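Participant: One structure, pasted below without further comment.
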Amino acid sequence: AQSVTQPDIHITVSEGASLELRCNYSYGATPYLFWYVQSPGQGLQLLLKYFSGDTLVQGIKGFEAEFKRSQSSFNLRKPSVHWSDAAEYFCAVDDDYKLSFGAGTTVTVRA
Amino acid sequence: ETGVTQSPTHLIKTRGQQVTLRCSSQSGHNTVSWYQQALGQGPQFIFQYYREEENGRGNFPPRFSGLQFPNYSSELNVNALELDDSALYLCASSSGGVAGAYQETQYFGPGTRLLVL
C-alpha cells in the first residue's frame, strides 16, 4: 500500500513570511499526489495535485508544490503567508481506489 | 455546478444506537468515497461506491455499511455505535471508480460531525 508521511505536526510562521510543508511518499512508480487544506470545523479543499509532467505544480491561493522523485517528496510552499492560511494541511497519495492521507500539519500564523 | 453536500452537519447519539449519514455527490460524478477523521488525525478510508456497488473497503468492521442510489447519492450507516466512532465523517465524490484504474480527483463535502456519548 502507498503511504505519505508529514514530518511536521505543527508549524508557526509570521504573516508575510514564506512557508514550506514537507511530505514524503512511499511508492515505487510515479504516484498521484495531492495537497488538501482544512479550516477549523470544515471539510477538505483541494489545493493542488500532481499526476505527471512538470514537477512544479501551481495551485489555488498562491500555493505551489514540487515533486522530487530522488527524495520521494512533494513539499508544499507559499512565498508569503496570509493570516487566512492558518489551517491544517494534508498530503495524500492515490492508493488504487482510495486516498491515503498523512497525519497533517497544523499551520499557525502570527501577526 | 453544485458541490458535494452532506447531512446532517452535526449529530449526537448514544452508545449502541444506529446512525445514517447522507451525501449528495457533485454533478457529473458517479463515485462516492467515505472517510472517517478522528480528532487530530488524517482521514481514514472507510469504503467507496461506484455505480451502486461497493468498490473497495478499508479496515472498518461490518457494522459500517453503505448504499449508493441511482442518482449517485450515498448513505453511510453505522450500527451499534461505540464511543470511538465519534469523528468527522467526510464524503468525497469523483468520476471513474474502477479499482486499479486511474482515479479522478476526489472532492470533499463539509462533513458530518458525530458525537457518541
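Participant: Got a sec? Which of A:41, A:62 is out of contact with any Leu (no Cβ under 8 Å at 6 or more places or on another chain), surrounded by 12 or more Cβ atoms within 10 Å (Cβ to Cβ) and without any contact (Cβ under 8 Å) to a residue 40 or more places away in the chain?
Facilitator: Of A:41, A:62, the one residue that is out of contact with any Leu (no Cβ under 8 Å at 6 or more places or on another chain), surrounded by 12 or more Cβ atoms within 10 Å (Cβ to Cβ) and without any contact (Cβ under 8 Å) to a residue 40 or more places away in the chain is A:62.
Participant: Please state which one of A:57, A:81 is away from every other protein chain (no Cβ under 11 Å), part of a loop (DSSP other than H, G, I, E, B), within 21 Å of residue A:7 (Cβ to Cβ) and touching a strand residue (DSSP E or B) at 6+ places or on another chain (Cβ under 9 Å).
Facilitator: A:81
Participant: Moving on. Consider residue B:35 against the criteria (1) at the interface with another protein chain (Cβ under 9 Å from one of its Cβ atoms); (2) under 13 Å from the mean Cα position of the chain (by Cα); (3) outside any strand (DSSP E or B); (4) not hydrophobic (A, V, I, L, M, F, W, C): it satisfies all of them except one. Which criterion is unmet?
Facilitator: The number of the failed condition is (3).
Participant: Here's a follow-up. Kindly indicate the residue of the stretch B:69-85 that is assigned to a loop (DSSP other than H, G, I, E, B) and under 16 Å from residue B:7 (Cα atoms) and also nearest to the chain's Cα centre (by Cα) among those meeting that condition.
Facilitator: Result: B:73.
Participant: Right, another one. Only residues that are in a strand (DSSP E or B) and over 22 Å from residue B:7 (Cβ atoms): list them for the stretch B:51-68, please.
Facilitator: Across the stretch B:51-68, the qualifying residues are B:53, B:55, B:56, B:57.
Participant: Name the single residue that is surrounded by the most Cβ atoms within 10 Å (Cβ to Cβ) among those in the stretch B:2-24 being under 24 Å from residue B:72 (Cβ atoms) and either among the hydroxyl-bearing types (Ser, Thr, Tyr) or free of Cβ contacts under 8 Å to residues at least 12 places away in the same chain (or both).
Facilitator: For the stretch B:2-24, the residue satisfying everything is B:24.
Participant: Out of (1) modelled with pLDDT of 95 or more; (2) touching a strand residue (DSSP E or B) at 6+ places or on another chain (Cβ under 8 Å); (3) away from chain A (no Cβ under 13 Å), what's the single condition that is false for residue B:16?
Facilitator: Unmet for residue B:16, out of (1) modelled with pLDDT of 95 or more; (2) touching a strand residue (DSSP E or B) at 6+ places or on another chain (Cβ under 8 Å); (3) away from chain A (no Cβ under 13 Å): (2).
Participant: Of the residues B:90, B:114, which is farther than 24 Å from residue A:5 by Cβ and not acidic (Asp, Glu)?
Facilitator: The match here is B:114.
Participant: Hey, residue B:40 hits all of (1) in a strand (DSSP E or B); (2) within 12 Å of chain A (Cβ to nearest Cβ); (3) exposed (fewer than 15 other Cβ atoms within 10 Å of the Cβ) but one; which does it fall short on?
Facilitator: All conditions pass for residue B:40, except number (1).
Participant: Something else about it: Considering only the stretch A:63-77, I want to know if a residue exists there that is within 12 Å of the chain's Cα centre (by Cα), farther than 27 Å from residue B:54 by Cβ and basic (Lys, Arg).
Facilitator: Within the stretch A:63-77, the subset within 12 Å of the chain's Cα centre (by Cα) is A:63-67, A:73-77.
This time we only want the ones that are farther than 27 Å from residue B:54 by Cβ, so: A:63-67, A:73-77.
Filter once more, keeping what is basic (Lys, Arg): A:77.
Taking every residue of the stretch A:63-77 in turn, at least one turns out to be within 12 Å of the chain's Cα centre (by Cα), farther than 27 Å from residue B:54 by Cβ and basic (Lys, Arg).
Participant: Need the failing condition index for residue B:49 against (1) under 30 Å from residue A:8 (Cβ atoms); (2) buried (at least 22 other Cβ atoms within 10 Å of the Cβ), just the number.
Facilitator: So residue B:49 meets the others, but not (1).
Participant: Can you confirm whether residue B:28 is within 9 Å of another protein chain (Cβ to nearest Cβ) and either β-branched (Val, Ile, Thr) or not in a strand (DSSP E or B) (or both)?
Facilitator: Criteria not met by residue B:28.
The values are calculated or read from the model by the stated rules, or taken from the named source; none is laboratory data. Keep in mind that this is a model prediction, so the values were computed, not measured. As a convention, Cβ positions derive from the backbone with ideal geometry for all residues, glycine included, and neighbour counts pool all protein chains shown.
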